[in-house]
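A short worksheet on the structure shown next.
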Amino acid sequence: MSKSLKLSVGLLSAVLFAAEGPWVGTWKLDSAKSTKSAAPKASKESTITIRELGDRIIEVAFKGTRNDGTPVSGKYTVSLDGGPNTYLEGGPPAGVSATTKKIDERNSVITTTRDGREIGVNHVALGEDGKTFTANMKGLDGEGKPFNVVEVYGKQ
């Protein structure tokens, strides 16, 4: 799995617990405040749109551009109570999955696994002002090399 896809899988799970409130809306990556990867498949630009579908389900759509200029996009749903992400578009490769655990209304942890083995953890925190969220992602890239990326998103 490419590093950017793992990052996207983890990051996008971050906004899952957005009961009609601070998480719902459109979020844009703030590259100036983020610690970005120089890898060709890492995200250069990214926009995340979150909406509530009802029955405690959130839909997360993401769209962006990788460092190498190729587009990346996808869409998934997840329960506000946590659990596995269900991909509708642009999901990870076979054997890779993400599960989100809600810590509280402002924090969640997304764990990405490949064939049952943990390959990434993403701690996501909504800022006190409700206008930013930070995703702290650590794990292994597609070649098994460790990565640590911090992405900051601003509400549009």
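The values are calculated or read from the model by the stated rules, or taken from the named source; none is laboratory data. Predicted, not measured: the structure shown is a model, and the values here were computed from it. Neighbour counts run over all protein chains shown; Cβ positions are idealised from the backbone, glycine included.
Return yes or no: is T70 among the hydroxyl-bearing types (S, T, Y) and loosely packed, with under 14 Cβ neighbours inside 10 Å? Can you show your working first?
Numbers: among the hydroxyl-bearing types (S, T, Y): yes; loosely packed, with under 14 Cβ neighbours inside 10 Å: yes.
Yes: the conditions hold for T70.
In the stretch 31-62, how many residues are assigned to a loop (DSSP other than H, G, I, E, B), touching a residue at least 12 places away in the same chain (Cβ under 8 Å) and surrounded by fewer than 14 Cβ atoms within 10 Å (Cβ to Cβ)?
The initial filter retains those residues of the stretch 31-62 that are assigned to a loop (DSSP other than H, G, I, E, B), namely 34, 36-42, 55-56.
Filter once more, keeping what is touching a residue at least 12 places away in the same chain (Cβ under 8 Å): 34, 36-42, 56.
Now narrow it down to the ones that are surrounded by fewer than 14 Cβ atoms within 10 Å (Cβ to Cβ): 38, 56.
Number satisfying all stated conditions: 2.
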statement: Taking the stretch 120-149 and keeping only residues that are at pLDDT 90 or above and exposed (fewer than 15 other Cβ atoms within 10 Å of the Cβ), one is left with V121, E128, D129, G130, K131, K138
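With respect to S34, determine if the residue is at pLDDT 80 or above and either of a type in the set (S, T, N, Q) or farther than 16 Å from G91 by Cβ (or both).
Numbers: at pLDDT 80 or above: yes; either of a type in the set (S, T, N, Q) or farther than 16 Å from G91 by Cβ (or both): yes.
So S34 passes the test.
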task: Report the residue count in the stretch 103-119 for those that are hydrophobic (A, V, I, L, M, F, W, C) and surrounded by 23 or more Cβ atoms within 10 Å (Cβ to Cβ).
output: 1
message: Among the listed residues L80, L88, L53, identify the single one that is at pLDDT 90 or above and touching a Phe, Trp or Tyr at 6+ places or on another chain (Cβ under 7 Å).
response: L88
